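Since the structure comes first, as structure tokens, the remarks are kept for the end.
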């Protein structure tokens with residue numbers, strides 16, 4: 001289980017994340033939601049070790065990850081929002097690099113990466129440089145790299161960005177399958193419709209703090225909303241959207 005307790009990150013005494021707590025159990029997909037600037041990316045960076053928290057604890061399997069963060073990182077897979085890849089490497093070379101950094105033996109790595117390249121529709125482009133890949137293709141390579149070592153925990157930051165419809169549908173089914181196999185999945189996204197379909201529970205942030213944390217159906221019932229979109233809007237909107245629309249229309253027609 002992943003447990004996050006009282007996570008705080010301040011920049012010049014201003015909190016980007018303030019007292020955030022949640023848990024992800026094996027077999028659970030947690031949707032992590034919030035408007036721009038709510039603290040989603042900061043949380044992801046803390047979980048993956050890119051930045052240090054100001055306060056708070058992260059436990060994995062009951063152990064504080066700070067005791068051995070490298071061991072924790074070996075057990076997670078990460079898909080960032082932006083695909084920062086080595087452009088001169090081919091798709092297959094990139095997966096080779098990731099697999100070797102993960103210390104996978106060649107007898108496991110070679111067939112696994114070739115299988116992933118075929119399943120994600122990248123086989124014909126496996127020897128092409130990543131610089132020539134489209135956004136969707138780069139996203140597929142990132143997903144393949146995140147899965148190649150069969151991690152216990154997946155941290156996904158907008159994983160559907162740039163994917164075509166068929167691949168997005170396949171990824172939805174894949175996430176359900178991974179959860180069914182006991183994986184823990186942290187899924188940060190703006191796509192509320194997808195979150196509602198695949199996530200067992202959600203955390204909604206507002207200005208760096210948890211505005212809601214619970215199962216989707218429970219939140220809909222508590223907020224008297226028919227959809228997760230309604231819950232999200234009720235908890236995070238500032239001002240009346242109809243008034244804002246009228247103001248925008250007046251501004252562009254003035």
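The values are calculated or read from the model by the stated rules, or taken from the named source; none is laboratory data. This structure is a prediction, so every number in the text was calculated from the model and none was measured. Counting neighbours? That spans all protein chains shown, and the Cβs are built from the backbone with ideal geometry, glycine included.
Evaluate the following for residue 31: is it over 20 Å from residue 139 (Cα atoms), surrounded by 13 or more Cβ atoms within 10 Å (Cβ to Cβ), in contact with a helix residue (DSSP H, G or I) (Cβ under 6 Å, 6 or more places away or on another chain) and touching a residue at least 12 places away in the same chain (Cβ under 8 Å)? No: the conditions fail for residue 31. For the range 133-145, the set of residues classified as touching a helix residue (DSSP H, G or I) at 6+ places or on another chain (Cβ under 8 Å) and part of a helix (DSSP H, G or I) consists of 136, 137, 138, 140, 141, 143, 144, 145, listed by residue number.
From (1) under 25 Å from residue 179 (Cβ atoms); (2) assigned by TED's automatic domain parsing to the domain that holds residue 138; (3) without any contact (Cβ under 8 Å) to a residue 24 or more places away in the chain, pick out the condition that doesn't hold for residue 116. Failing condition for residue 116: (3).
Screening residue 55 on (1) more than 15 Å from the chain's Cα centre (by Cα); (2) touching a residue at least 24 places away in the same chain (Cβ under 8 Å); (3) closer than 20 Å to residue 188 by Cβ shows it passes everything except condition (3).
If you go through the range 81-102 and keep only what is within 27 Å of residue 43 (Cβ to Cβ) and buried (at least 19 other Cβ atoms within 10 Å of the Cβ), you end up with 94, 98. Here the condition is being in contact (Cβ under 8 Å) with a residue 40 or more places away in the chain, closer than 23 Å to residue 179 by Cβ and touching a strand residue (DSSP E or B) at 6+ places or on another chain (Cβ under 7 Å); of 65, 79, it holds for 79 alone.
Taking the conditions (1) in contact (Cβ under 8 Å) with a residue 60 or more places away in the chain; (2) under 21 Å from residue 215 (Cβ atoms) in turn, residue 15 satisfies each one other than (2).
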